[in-house]
Amino acid sequence: MLLSFLFFAAAAVATAQEPLKKISFIPQWGPQAQFAGYYVAYDEGIYKKHGIDINIIQGGPGRPSSELLEKGEADVGSIWLSTAIQKRSSGVRLVNIAQIVQRSSLMLIAKKARGIKRPEDLQGKKVGLWGNDFRIQPMAFFKKHNLMVKIIPQSYSVNLFLRDGVDAASAMWYNEYHTILNAGINADELTTFFYSDFGLNFPEDGIFVMEETLKKDPALVCAFVKASMEGWMYAFSHPDRAVDTVLKYMTAANVPANRVHQKWMFERMKDIIMPVEQGAGEPGVLKKEDYERVALELKNGGLITNIPDYDEFAFRCQGYVQK
């Protein structure tokens with residue numbers, strides 16, 4: 001019995017001393033509450049607990065996460081589902097290992113004072129749209145409601161909308177919508193069109209790797225998924241601590257940090273990562289119907305020529321996704 005005890009004790013020590021596996025992760029943007037779960041998992045030692053030595057690379061303009069994965073400059077990245085499908089269709093072997101956001105937060109915002117209360121009221125109006133992937137849902141929305149609008153290129157500022165330069169503007173629920181409220185416009189003065197409410201739910205942030213990375217070390221990839229989901233669950237259970245963590249890394253990155261705005265963003269991220277409505281997906285899992293909906297709209301819009309096979313595009317780490 002003593003020898004058995006010494007053997008298992010030695011094995012436990014050896015396991016504990018196993019070197020951490022290095023992995024680099026790039027979110028789409030710099031530190032903010034949109035990525036709170038990852039920073040919390042890092043700060044609370046959750047990645048280390050799962051055997052991971054993680055390097056979180058700062059994303060942002062000029063550093064698309066999908067491109068860094070293609071170039072081998074990052075191992076894992078947070079990418080919009082629509083972007084990843086386009087990349088996969090063009091031959092880039094991206095694989096979805098977790099779908100973090102389950103409900104789209106992209107929306108159109110209009111002022112009721114301009115007579116816009118229903119989709120048909122947008123007919124002939126000036127609508128601010130961002131470029132690239134941000135146009136897929138609004139264009140499908142216009143087509144669905146037979147709307148002809150005047151598209152105005154929109155920057156990352158909402159000033160054009162605030163100054164009535166457009167009748168409606170694009171916004172993310174967790175970001176620009178709150179900025180508009182903080183500018184002094186009350187919520188009851190606004191009409192909001194959530195694309196997800198009109199049969200156009202395009203889940204956004206997912207976790208992706210290149211196929212070769214997955215094949216090289218699936219255990220490491222799945223450990224990353226498990227640790228990241230654990231980080232999000234811990235963050236949702238400790239919201240003040242999560243916001244403090246985000247603000248700390250924003251300050252370190254010299255990014256303007258506003259607690260009220262980051263708190264709003266964090267709360268909205270919980271709403272779209274763990275939506276409570278009927279039919280909401282399991283946290284971290286890409287539903288096939290969501291995938292097919294996005295892919296079909298991409299094809300109908302001429303943005304892809306073929307729809308990649310779902311079973312090749314999505315990899316589920318069995319037993320690694322938090323319930």
**Study point:** Positive dipole terminus of the range 88-181, leading residue within GLN154, ALA140, GLY91 (C-beta point charges)
**Key:** ALA140
Exercise for review: Find, among the trypsin sites (Lys or Arg not before Pro) in the range 116-153, those assigned to loop by DSSP (not H, G, I, E, B) with at most 13 other beta-carbon atoms within 10 angstrom.
Suggested key: LYS117
Exercise for review: Please sort by residue number the GluC sites (Glu not before Pro) in the range 62-165 whose DSSP state is loop and whose Cβ has at most 15 other Cβ atoms within 10 Å.
Suggested key: GLU73
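Just to be sure I understand: if I project the alpha-carbon convex hull of the range 106-198 onto a plane and average over all orientations, what area do I get in nm²? Mind dumping the intermediate values first?
Details: hull surface 21.2 nm².
Mean projected area for the range 106-198: 5.3 nm², to one decimal.
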Point to revise | Pairwise Lys count, the range 61-126 - Cα closer than 20 Å, eight or more residues apart or different chains | key: 7
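How do MET172, MET269 line up, fewest other C-beta atoms within 10 Å first? Please list the in-between numbers first.
Working: MET172 20, MET269 26.
Lowest to highest Cβ neighbour count: MET172, MET269.
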Point to revise | Helix-only CD estimate at 222 nm, as mean residue ellipticity for the chain, using -39500 (n - 2.57) per DSSP H run (n ≥ 4) | key: -12000 deg cm²/dmol
Practice item. May I ask for log10 I(q)/I(0) of the range 45-86 at q = 0.16 Å⁻¹, from a Debye sum over the Cα atoms as equal point scatterers with solvent left out? Key: -0.50
Review point. Picking from MET233, MET148, MET107, which is most flexible by a Gaussian network model of the chain using Cα springs under 10 Å?
Key: MET148
Review point. Between ALA187 and GLN318, what is the label-to-label distance in nm when each label sits 7 Å out along the Cα-to-Cβ direction?
Key: 4.3 nm
Check your understanding: Taking only the alpha-carbon positions of the range 40-151 and ignoring solvent, what does the Debye formula give for the base-10 log of I(q)/I(0) at q = 0.20, 0.24 Å⁻¹?
Key -> -1.14, -1.39
Review point. What is the chain by shape, rounded, prolate or oblate, if you read a ≥ b ≥ c off the alpha carbon gyration tensor as root eigenvalues and call it rounded for a/c under 1.5, prolate for a/b larger than b/c, and oblate otherwise?
Key: prolate
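Are there chymotrypsin sites (Phe, Trp or Tyr not before Pro) in the range 133-199 that DSSP marks as loop and that have at most 14 other Cβ atoms within 10 Å, and which are they? Please list the in-between numbers first.
On the way: sites: PHE134, PHE141, PHE142, TYR156, PHE161, TRP173, TYR174, TYR177, PHE193, PHE194, TYR195, PHE198; in loops: TYR156, TRP173, TYR174.
Of the chymotrypsin sites (Phe, Trp or Tyr not before Pro), the ones in loops of the range 133-199 whose Cβ has at most 14 other Cβ atoms within 10 Å are TYR156.
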Check your understanding: Between rounded, prolate and oblate, where does the range 156-281 land on the alpha carbon gyration tensor, with a ≥ b ≥ c its root eigenvalues, rounded for a/c under 1.5, else prolate if a/b exceeds b/c?
Key -> prolate
Check your understanding: Given labels modelled 7 Å from the Cα in the Cβ direction, how far is it in nm from ALA253 to MET148?
Key -> 4.4 nm
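In the neighborhood of VAL158, defined by Cβ-to-Cβ distances under 14 Å, what is the net charge if each Lys or Arg adds +1 and each Asp or Glu adds -1? Walk me through the numbers before you get to the answer.
Working: positive: LYS111, ARG163; negative: ASP164, ASP167, GLU176.
For residues surrounding VAL158, the net value is -1.
Can you tell me the dipole magnitude for the chain around its Cα centre, using point charges on the Cβ only (Lys, Arg +1; Asp, Glu -1), in Debye to the nearest 20? Let's see the in-between values first.
Working: 37 positive and 36 negative charges, 113 e Å.
In total the dipole reaches around 540 debye.
A short reminder: the numbers here are calculations on the coordinates, not readings from a lab. None of the values given here were measured: they were computed from a predicted structure. When we count neighbours, we look across all protein chains shown, and the Cβ atoms used for this are built from the backbone with ideal geometry, even at glycine.
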